[in-house]
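First comes the structure, then the notes that go with it.
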Amino acid sequence: MSIPNLFILNSSGDVLIEKHYLGAVKRSVVDLFWEEVSKYDQQKEVTPIITTENYYLINIRRSGLFFLSAVDRDVPPLLIIESQHSILQTFVYYFKDKITETILRENFAIIYQLLDEMILGGFPHTTELNQLQDMISLPSMVSKIRDYASGSFSVKQTLPTAFHNSKMPWRKSDCKYVTNEIKIDLIEAIDCILQASQSGSFKCKAITSFVNGSLECSVRLTGQPDLTLNFNNPRMINSIQLHRCVRISRWQKEKIISFVPPDGKFTLLKYRLPNAGNLPLDIQPHIKLSKNSSSVRITMSKTGGVDKQIDKILLEIPFPSETLSFSLSANHGKVSQDEITKVVRWHVGRFPKDKQITLEGSVAMPSDWEGSGSPNVRVGFEIKGLSLTNLRVDSLAVHNVKYKPFKGVRHITKAGTFLIRSTS
C-alpha cells in the first residue's frame with residue numbers, strides 16, 4: 001500500500017528524475033519499461049499499468065514525459081496514479097508552465113525538495129499547495145541566483161502557518177488581503193463522438209455524449225471565511241468529486257456546497273453528466289480519399305438553440321501520412337497544413353453572424369495508395385456565458401467575516417474530446 005519509487009523519463013527513455021522511497025530498485029527496470037513502450041505505435045497509447053515477470057510498471061504520460069513507478073507486489077494502482085498526478089500538478093503550480101524536460105533540468109533542487117516533502121516513507125505526506133509553498137518558496141530569478149551563489153537549497157526551518165491549522169490544513173491561518181474577492185468559473189467540457197450524416201441534410205448522430213464539469217475557484221479572502229454555494233438544480237448531479245474542504249454530510253443531506261476555502265486557486269468540485277443535449281455547432285464533414293480523386297468538403301453552421309457568441313473555433317483533420325499535397329480553402333477563417341504530420345487546421349476563431357461557413361478543396365494521394373476510410377475531425381470551441389446543461393450557480397454566501405467581498409461567477413462551455421466521424 002505504498003509508493004516505492006518514482007522515475008521521470010523523457011520521450012527517448014532517458015531518466016531525468018530518480019527518487020527511491022523504499023529501498024533502491026535497479027535502473028534496469030527503466031529499460032524493461034522502455035521495451036514495452038517500443039511495442040506501441042505511439043507513446044500516447046501506452047497503457048497505465050504494464051505487467052512484467054517481476055514488476056508492475058505503473059505510469060502516466062504528460063507533455064511527452066513519463067512518470068513511472070515500479071512495484072513488485074500487489075498495491076492499489078489508483079493510489080500510485082493519483083500520487084503521480086498530484087506530483088505533476090504541483091510541478092505545474094510551481095513552475096507556472098507546461099512541464100518539459102528543460103524545466104525539470106533547470107529546477108532539480110526544488111523538484112527533489114518537493115518529492116521529499118510530498119512522499120514520506122512511500123506514503124503521501126504533504127500534498128497541500130499552501131503548506132508546500134510556505135515550506136518551499138516558488139522559484140524566481142532572484143531566488144535562483146541567491147541559492148546558486150550561496151549553495152543553499154534548504155527547506156524553511158519554521159513550520160508554515162497551514163500546519164498550525166490542523167483541522168483545515170488546506171488553508172493558512174493568517175490570510176490577509178486589502179481587496180477581498182472570490183471568483184468562480186463553472187466550466188463544462190463536452191466529450192462526444194458524432195457520426196456525420198451521409199446526405200448532410202440531418203444533424204450528426206451522437207454515438208457517445210458526456211459533459212465533464214468543474215468549478216474552478218480563485219479565492220483571496222481575509223481570515224477564516226465560511227462559504228455556502230447553491231446550484232439551481234443540484235439533484236441532476238449524481239457523479240461528483242469534491243475537494244477535501246467540502247462538508248460531505250451537508251451535500252448528501254441538503255445538496256448544499258458548504259466549505260472553508262483554500263487560499264488561491266483550486267478546483268472545488270468535478271462532476272459528470274451522461275448527455276450533452278443539443279450541441280452548439282452543426283458540422284458536416286465529407287471527405288473522400290482515393291488514389292484517383294480525393295475531395296474535402298466541411299460545412300459548419302450554428303444551431304438555433306445557442307444565442308451566445310462561439311469563440312476559439314478550431315478544426316483539426318489528420319490525413320494519412322502518405323498524403324502528397326493539399327489544395328484547400330475556406331470562405332471564413334484561415335487554413336494551415338503541417339507537411340510533416342499531415343494535419344490540416346481550420347482556424348475559424350469567432351463564428352460569423354447568420355452564416356454557414358465551408359472548407360473545401362482536394363488532396364493528392366499516391367497512385368498506388370490502397371488505404372480506405374475517412375479521417376475523423378477534432379473540434380475545439382469556447383462559449384462564455386452558457387451552461388449547456390442549464391446547471392448554474394444560484395447563490396454564493398460568505399459567512400464568519402465582517403467585510404463584504406467581491407463575488408463573481410462565470411459559466412463557460414467548451415469542447416473537450418469532441419470528435420466527428422466523417423463520411424465519404
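The values are calculated or read from the model by the stated rules, or taken from the named source; none is laboratory data. Predicted model, so just to flag it, every value in this text is computed and none were measured. Positions of Cβ are generated from backbone atoms using ideal geometry, with glycine treated the same way; all protein chains shown enter the neighbour counts. Each accessible area value is taken on the protein alone, full model and side chains, heavy atoms only, with ligands, DNA and RNA left out. Shrake-Rupley method; radii C 1.70, N 1.55, O 1.52, S 1.80 Å.
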- Message: Looking only at strands (runs of 3 or more DSSP E) that lie completely in the stretch 325-424, which have at least 1 residues being under 23 Å from the mean Cα position of the chain (by Cα) and free of Cβ contacts under 8 Å to residues at least 60 places away in the same chain?
- Response: 343-349, 376-384
- Only one of (1) surrounded by fewer than 19 Cβ atoms within 10 Å (Cβ to Cβ); (2) in contact with a strand residue (DSSP E or B) (Cβ under 6 Å, 6 or more places away or on another chain); (3) aliphatic (A, V, I, L, M) is not met by residue 313, so which one is it? (1)
- Message: Looking at the stretch 21-33, can you tell me whether even one residue there is open to solvent by 20 Å² or more (accessible area, probe 1.4 Å) and under 25 Å from the mean Cα position of the chain (by Cα)?
- Response: no
- Log entry, pairs with first residue in the stretch 106-126 being of a type in the set (Ser, Thr, Tyr), second being modelled with pLDDT under 90, beta carbons closer than 7 Å, six or more apart or on different chains, reads 126/132
- Any chance the stretch 101-114 includes a residue that's out of contact with any Phe, Trp or Tyr (no Cβ under 8 Å at 6 or more places or on another chain), within 22 Å of residue 267 (Cα to Cα) and in a helix (DSSP H, G or I)? no
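Residues checked against (1) under 30 Å from residue 291 (Cβ atoms); (2) open to solvent by less than 20 Å² (accessible area, probe 1.4 Å); (3) not basic (Lys, Arg):
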| position | (1), (2), (3) |
| --- | --- |
| 324 | yes, no, yes |
| 354 | no, no, yes |
| 363 | yes, yes, yes |
| 376 | yes, no, yes |
| 397 | no, no, yes |
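Could you pull out the residue among 387, 424 that is open to solvent by 40 Å² or more (accessible area, probe 1.4 Å) and among the hydroxyl-bearing types (Ser, Thr, Tyr)? Before you say what the answer is, go through the steps one by one.
Details: 387 fails: open to solvent by 40 Å² or more (accessible area, probe 1.4 Å).
Among 387, 424, only 424 is open to solvent by 40 Å² or more (accessible area, probe 1.4 Å) and among the hydroxyl-bearing types (Ser, Thr, Tyr).
Evaluate the following for residue 4: is it surrounded by 17 or more Cβ atoms within 10 Å (Cβ to Cβ) and of a type outside the set (Lys, Arg)? Outline the logic, then answer.
On the way: surrounded by 17 or more Cβ atoms within 10 Å (Cβ to Cβ): yes; of a type outside the set (Lys, Arg): yes.
For residue 4, the condition - surrounded by 17 or more Cβ atoms within 10 Å (Cβ to Cβ) and of a type outside the set (Lys, Arg) - is met.
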- Across the stretch 243-300, what is the number of residues that are closer than 23 Å to residue 184 by Cβ and of a type in the set (Val, Ile, Thr)? 6
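Condition check: open to solvent by less than 10 Å² (accessible area, probe 1.4 Å), aliphatic (A, V, I, L, M), farther than 30 Å from residue 135 by Cα and at pLDDT 90 or above. Does residue 46 satisfy that?
On the way: open to solvent by less than 10 Å² (accessible area, probe 1.4 Å): no; aliphatic (A, V, I, L, M): yes; farther than 30 Å from residue 135 by Cα: yes; at pLDDT 90 or above: yes.
When the stated conditions are applied, residue 46 does not pass them.
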- Unmet requirement for residue 224, which otherwise passes all of (1) assigned to a loop (DSSP other than H, G, I, E, B); (2) closer than 21 Å to residue 128 by Cα; (3) in contact with a strand residue (DSSP E or B) (Cβ under 8 Å, 6 or more places away or on another chain): (3)
- Query: From the set of residues in the stretch 248-270 that are open to solvent by 10 Å² or more (accessible area, probe 1.4 Å) and of a type in the set (Ser, Thr, Tyr), which is farthest from residue 177 (Cα to Cα)?
  - Reply: 249
- Task: Mind listing whichever residues of the stretch 272-302 are in a loop (DSSP other than H, G, I, E, B), open to solvent by less than 50 Å² (accessible area, probe 1.4 Å) and either over 19 Å from residue 333 (Cα atoms) or of a type in the set (D, E, K, R) (or both)?
- Result: 276, 277, 279, 289, 290, 294
